[in-house]
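Just below is one structure, and these are the notes that go with it.
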Amino acid sequence: MKSFANLAVAAALAANGALAHYIFQQLSVDATEYAPFEYIRQNSNYNSPVTELDSNDLRCNVGAQGATTETIDVKAGQAFTFTLDTPVYHQGPISLYMSKAPGAASEYDGSGEWFKIKDFAPDFSSGQAAWDMSGSYSYSIPSCIEDGEYLLRVQSLAIHNPYPSGTPQFYISCAQVKVSGGSGSYNPSTVLIPGAFKETDPGYTVNIYSNFNNYTVPGPEPMTC
């Protein structure tokens, strides 16, 4: 009986762990919401995270391919929203990145340079960290980028299991967008993925349960126009 009970508890914990995962599956532009994975590359690992810092899966997730994904026309300065299958469940920052494709976004593997456009970081104004753990995240295409086709990447870095006893988790999706109307005057700091995030980054190794009163989001600073 004891063995059976232990198995039941283990199964329940495993089920709860799976339910605690999530995926960015839907893109909206302005007030128009599109079908799941219509303009977002569909991954093959359900809603599981990527954990290896040297993996190419950090770009757009496991099995995410562009050939079967549509590319949406957007204007520089236009609002967009990423929506999840379930609200973010784990503490950690949300970041938005873009990478310009050399040609069609559907044929681009994300191996070029990436720049960050937005961080949703914790707010410490109340004396403790308040995370934006939402079901959707909105921002605008920067007005100063070049016209062309891009991967628009959203990332949730879950740091609820402190490193090194635990492993931070990356929940990632990429949309394919074709931008028009940009000024092309931007000059952002760029990184390669993988390579942008390291085991020595304070925002990766931090223990959010002990003396946690400031935070630096891993990766470059978000660009400004």
| Using a 1.4 Å probe, what is the accessible area per residue for the chain, in Å²? | 48 Å²
| said: Once neighbouring chains are kept in place and the probe is 1.4 Å, which whole percent of the accessible area of the chain is contributed by carbon and sulfur? | reply: 48 percent
| message | Using the crude model of +1 on Lys and Arg Cβ and -1 on Asp and Glu Cβ, and no other charge, please compute the dipole size for the range 79-154 relative to its Cα centre, in debye to 20. | response | 200 debye
| Restricting the count to DSSP beta bridges whose residues both fall in the chain, what percent are antiparallel, rounded to a multiple of 5? | 90 percent
| Assigned charges on the beta-carbon of Lys, Arg, Asp, Glu; the chain dipole about Cα centre (debye) | 440 debye
| Which Cα, out of Phe115, Tyr46, Ser189, lies furthest along the positive dipole direction of the chain (beta carbon charges, K/R +1, D/E -1)? | Tyr46
| Across the chain: Cys residues that no other cysteine approaches within a C-beta distance under 4.7 Å | none
| task | Sum up the lysine pairs in the chain that clear both bars: alpha-carbon distance under 22 Å and a spacing of 8 or more or different chains. | result | 11
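The values are calculated or read from the model by the stated rules, or taken from the named source; none is laboratory data. Predicted model only: the values in this text are computed from it and were never measured. Cβ: placed from backbone, ideal geometry, glycine included. Neighbour counts: every protein chain shown. Note: accessible area is taken over every heavy atom of the protein model, side chains too, but ligands, DNA and RNA are not part of it. Shrake-Rupley method; radii C 1.70, N 1.55, O 1.52, S 1.80 Å.
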